[in-house]
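Just so it is clear, none of the values below were taken in a lab; they were calculated from the coordinates. All values derive from a computational prediction rather than experimental measurement. All Cβ positions, glycine included, derive from the backbone under ideal geometry; neighbour counts span all protein chains shown.
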Amino acid sequence: MSTGIDIQFIRENYQKKTDAELIHAATTDAIGLTPEALEVVKEEIIKRKLDTSIIKGLEAQNKTYTIEEVDKYCNLIRQLDCPTCGISHTALNATMTSEVMSFILFTQYSKKLKVGCPNCLDKANENALTKTALLGWWGIPWGFIRSIQAIGHNIKNKKTNHNDTPNDFLRSYTLSKIGELETYKDNKEKLQQIISGS
């Protein structure tokens, strides 16, 4: 039975990629690929004699995980050095900062996920709170509304920074990076580079 997928087109697309582009696609952009497309990517990885752990990263993006399985990947991150201060003896976690900046008729509301040690996460939430308190209120009509939302989010999110277990922000981040984490789980330097981009 035909799936309507042009396998030859997919094969040619992956053949045109450089090794670096293929590795990036396989470890970060494989969520939702059809089984046929997954096989094409695997064939290309094998044909180029690339590290077979890339295939594990490819497959990891298309699995369903229990909380316990996600937490095992979270623990790979929690054991790394803080990407902000470099501290290595405190388990990492994640937070979401919310910031508002307003300029009369224009209001900018942004959220950013950050991975780090609890103290650096606290500082990130506090910085977002301060910036919002100073610059968020001045937009009409959204400045006031968004500022209240951002302040509430930062206060609430800060409460999970010191959890003894991975918080929901770290679990979410981990799932978004699952292909890379599986591929490089034995390479601390590479894992450190991944979280430094958060």
- line: Most exposed first, judged by fewest Cβ atoms within 10 angstrom, His24, His89 run His89, His24
Fraction of alpha-carbon pairs over 24 Å apart in segment 84-178 - percent: 26
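With a sphere of radius 11 Å drawn around the Cβ of Gln61, what net charge do the other residues whose Cβ falls strictly inside it have (Lys, Arg +1; Asp, Glu -1)?
Local charge sum for Gln61: -1.
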- prompt: Scanning the chain for trypsin sites (Lys or Arg not before Pro) in DSSP loops with at most 16 other Cβ atoms within 10 Å, what's the longest stretch left with none?
  reply: 64-158
task: Of the options Leu134, His162, Thr52, report the single residue whose Cα projects farthest towards the positive end of the charge dipole of the chain (beta-carbon charges: Lys, Arg +1; Asp, Glu -1).
output: Leu134
- prompt: How far apart, in nm, are the 7 Å Cα→Cβ label points at Gln79 and Ser172?
  reply: 2.7
- line: Among (1) 35; (2) 26; (3) 45, the entry matching percent of Cα pairs over 27 Å apart as calculated here is (3)
query: Taking the simple approach of a point 7 Å from Cα along Cα-to-Cβ for both Glu43 and Ile140, what is their distance in nm?
result: 6.4
- prompt: Taking every eigenvalue of the Cα gyration tensor of segment 127-179, multiplying by 5 and rooting it, what semi-axes result, largest first, whole Å?
  reply: 29, 13, 8
query: With contacts defined as alpha carbon pairs under 8 Å and 6 or more residues apart, what's the relative contact order of segment 84-178 in percent?
result: 35
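Can you pick out the pairs among Lys156/Lys177; Lys47/Lys72; Lys131/Lys190; Lys112/Lys188; Lys131/Lys185 whose Cα atoms lie more than 29 Å from each other?
Over 29 Å Cα-Cα: Lys47/Lys72; Lys131/Lys190; Lys131/Lys185.
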query: Stretched out fully, how many nm does the piece from Glu36 to Ala133 gain, at 0.36 nm a residue minus the Cα gap?
result: 29.7 nm
task: Report the label-to-label distance for His162 and Lys72 in nanometres (one decimal), using points 7 Å from each Cα along the Cα→Cβ vector.
output: 3.1
query: How large is the helix-only mean residue ellipticity at 222 nm for the chain, computed as the sum of -39500 (n - 2.57) over DSSP H runs with n ≥ 4, divided by its residue count, in deg cm²/dmol to the nearest 500?
result: -17000 deg cm²/dmol
Additional length obtainable on full extension of the chain from Tyr65 to Asn187, 0.36 nm per residue less Cα span: 41.7 nm
